[in-house]
1. Which of (1) farther than 19 Å from ALA54 by Cβ; (2) surrounded by 11 or more Cβ atoms within 10 Å (Cβ to Cβ); (3) out of contact with any Pro (no Cβ under 6 Å at 6 or more places or on another chain) is the odd one out, the single condition ASN95 does not satisfy?
2. Going through the range 44-81 one residue at a time, which ones are part of a helix (DSSP H, G or I), in contact with a Cys (Cβ under 7 Å, 6 or more places away or on another chain) and at pLDDT below 85?
3. Where residues in the range 160-183 are exposed (fewer than 10 other Cβ atoms within 10 Å of the Cβ) and of a type outside the set (Phe, Trp, Tyr), which of them is modelled with the highest pLDDT?
Amino acid sequence: MDKSRVFVSMWGFLLMCVAFSLTEATKPTTITPTTHPAVHKPCNTQTSCELCLANVSCLWCQTNSSCSDYPVSYVIPPASVCKLSQARWGVCWVNFEALIIAMAVVCGTLLLAVTVCCCCCCCKRRHSSSFDREDEQFARRREEIRQRSDERKAERKGKHDEIRKKYGLIPDSDHPYSKFENE
């Protein structure tokens, strides 16, 4: 009964898929015109910070309000191009000096966080192995104590049995009158 339900539901699903694909195939396709990316003007023709920084290859200098190509041969633009405190790249409200400091702080924080995490993981692993060793030593000591306790208990029981035999408190099969006591 269950197999037939599964079979019917699989056929139903298959028919729905075929019907859906046929309806999609009969729809007319529309071709959308491709848009060309915006062509940026050369950096030296830009007159405002916003227009200059719309192109990522441009650098805005606040001191002389000029837009120039970013000096790609340097990671940080040299002072001959523009002072770091006056250079803008990406957004107009952040100068290069602040950008470098912020990036250094973020990278330092990430590096410190990764280092702390690694140290914590290593220390935890080291401590867990020392805890395992301590647990093994504790279990070994506990087993030794238990064995000694069992030995002492057996000795005490033996001594007590001897005392009981001596005073006749324990039935002894060797005792000649023991068979009369049970009757």
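The values are calculated or read from the model by the stated rules, or taken from the named source; none is laboratory data. Note that the structure is a prediction, hence the values are computed from the model and not measured. For neighbour counting, all protein chains shown are included, and Cβ atoms are generated from backbone atoms with ideal geometry for every residue, glycine included.
1. With (1) farther than 19 Å from ALA54 by Cβ; (2) surrounded by 11 or more Cβ atoms within 10 Å (Cβ to Cβ); (3) out of contact with any Pro (no Cβ under 6 Å at 6 or more places or on another chain) applied to ASN95, the lone miss is (1).
2. Answer for the range 44-81, where residues must be part of a helix (DSSP H, G or I), in contact with a Cys (Cβ under 7 Å, 6 or more places away or on another chain) and at pLDDT below 85: just ASN44.
3. Per the stated criteria, the residue is LYS166.
Listed here are the residues, each with its yes/no results for (1) outside the structural domain of THR47 (by TED's automatic domain parsing); (2) under 30 Å from CYS52 (Cβ atoms).
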{"site": "SER80", "(1), (2)": "no, yes"}
{"site": "ILE101", "(1), (2)": "yes, yes"}
{"site": "CYS107", "(1), (2)": "yes, yes"}
{"site": "LEU111", "(1), (2)": "yes, no"}
{"site": "SER149", "(1), (2)": "yes, no"}
{"site": "GLU155", "(1), (2)": "yes, no"}
